[in-house]
1. First select every other residue whose beta carbon is under 13 angstrom from the beta carbon of A256; then total the charges, Lys and Arg +1, Asp and Glu -1.
2. Picking from L100, L116, L34, whose Cα lies most toward the positive end of the charge dipole for segment 21-127 (charges on Cβ: Lys, Arg +1; Asp, Glu -1)?
3. With only alpha-carbon atoms in the gyration tensor, what are the semi-axes of the equivalent ellipsoid for segment 23-102, in Å, largest first?
4. What's the whole-number percent of alpha carbon pairs in segment 243-312 lying beyond 19 angstrom?
5. According to the Kirkwood expression over distinct Cα-Cα pairs, how big is the hydrodynamic radius of segment 163-207, in Å?
6. Can you put I28, I98 in order of accessible area, largest first, using a 1.4 Å probe?
7. Say a paramagnetic label sat at a point 7 Å from the Cα of R312, along Cα to Cβ; which residues of segment 66-107 have their backbone N under 18 Å from it?
8. What does the accessible area per residue of segment 348-504 come to in Å², with a 1.4 Å probe and no ligands, DNA or RNA counted?
Amino acid sequence: MVTTVRTPSQSGLARTFDSLNPATSEPIGTFPILGEDEVNDIVARAREAATWWSALGWKERQLRLMAWKSYLIRYIGRLSELVHAETGKPLADAQLEILLAVVHIDWAAKNARKVLSPHKVRSGIVALNQASSVEYQPLGVVGVIGPWNYPVFTPVGSIVYALAAGNTVVFKPSEFTPAVGGWLVSSFAEVVPDYPVLQLVTGYGETGSFLARSAVDKIAFTGSTATAKKVMAACAENLTPMVAECGGKDALIVSADANLDAAADGAVWGALSNAGQTCIGVERIYVAQDIYHTFLEKLAERVSALRPGDDREADYGPMTMPSQVDVIEQHIADAMACGGRAVVGGLGSIRRPYVGPVILADVPETSNAVTDETFGPTMTVTPVADLAEGVRLANASRYGLGGSIFAKNKKAGLQAARALHSGMTSINSVISYASVPALPFGGSGASGFGRIHGADGLREFSKAKSITRQRMKPMVNLTSFSRTDKDMKKILSLATMMHGKRYK
Ligand code: NAD
């Protein structure tokens, strides 16, 4: 599989950029920075392809998506090496994200028909003479703008649900992971060579803004909250709808009755895997006062055994985006300046491009180590009276993406999970909902809006179409100028009988 991409016009390749391995700075590939006209041309081709793809029908699309799924699994070795090289994450983590993407492709392919195809609804007494149905039709062309942290799992979570719903897709991967993006698009073209159903546009943010301003029918954006606001402004120009999957500051809350080993294990993975560069990663930990010290000890013991690196034994890799290290450094410094203390690591953990694990305690809730997305291998640990106080502090964030509760008491765990202001919560594990394809994925507040994954994800890339078919003459024709006062009286007395009952 090639790691460079072909442009619409090779002669017009005036501007390019290189993708680099974040651990070694070795170049991985050179990619074109596409301009507005080129993006518009690609979107126009996607529109032509959309006619063919939507007309294929559920079964034929399912077959092709299943073929893509199978291709990804058969070539998981090559793709995971590329993900490892371009993001720096350990090979096994790269394999894991591809496996999860495959699970979503499988689900979307198998369930699109059931969720989106026409189904009957009851017409109700006023429209008894009508047969009513609703179906979900494709939007046309969907623009997917992706981040670099999970360059397979994250964009596929939009791409495959959009494709399964009958749309074609123009995909703009992050400028940090264009090779992985190119690989995904080329692999799809291997199994669907007929038309450009999934196409690539590469470049920096400006190329993404051209896509948002183009004639696409929807933008599926995944990235930072700050960029989402710009994309939304660009989409507003044409009233193009968007789904925004943005950042988070997820909390993990540990109840006094929790299994502390399981909670510590989950917290460490949630906070440190992928060097903490996970939108649904654990950034804040709230622990019931009674077990706070025991939990902190268990956490510190586990964290101290982990180290970043580029070798096969490393637990996590380098920071993929060099500028993120400045944010991490600033958050650690702010936490310490506000009276926090580093239980493991500290400012000395920063050895660019690596950041060693950091546990911060006694950090005031006002520090930006608590309020802002750090996106690094750090965590704050704070004692709370109980689950309820943990939930209250967790909810004080402007973000609302995911979260976890560790509690033995089922009812209390569920109650806390429901009370968390977030789109997703896992009880007694971390980030498990991302691996359940039937569950919608997305957040609220500064974490964005709309949902990918599951039936909601399929509907996100469709438009509802309602149809009524008159199957007999109405008893009283209300929508005709031949309607009489007597007809109106009849219907009003029926409505009073049905709906006029007094409620206390
Ligand atoms: P980013 O916002 O810097 O970039 C995301 C994408 O937007 C890139 O492809 C970029 O080129 C493009 N872009 C930049 N400016 C643009 C503009 N003006 N118009 C259109 N496109 C533009 O984010 P990132 O650094 O790539 O990713 C990290 C962020 O993504 C974190 O905040 C993380 O939490 C978030 N994220 C969220 C989810 C989720 O599902 N909620 C998943 C993964 C990552």
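The values are calculated or read from the model by the stated rules, or taken from the named source; none is laboratory data. Note that the coordinates shown come from a computational prediction; the quantities given were computed from them, not determined experimentally. We place every Cβ from the backbone using ideal geometry, glycine too, and count neighbours over all the protein chains shown. We work out accessible area using only protein heavy atoms, side chains counted, and drop any ligands, DNA or RNA first. Shrake-Rupley method; radii C 1.70, N 1.55, O 1.52, S 1.80 Å.
1. Taking every Cβ under 13 Å from that of A256, the sum is -3.
2. Of the options given, the answer is L116.
3. 29, 23, 8
4. Within segment 243-312, distances greater than 19 Å cover 38 percent of Cα pairs.
5. Mean inverse Cα-Cα distance, inverted, gives 11.0 Å.
6. Output order, biggest surface exposure first: I28, I98.
7. So the set is 76-85, 88-96.
8. For segment 348-504, the per-residue accessible area is 56 Å².
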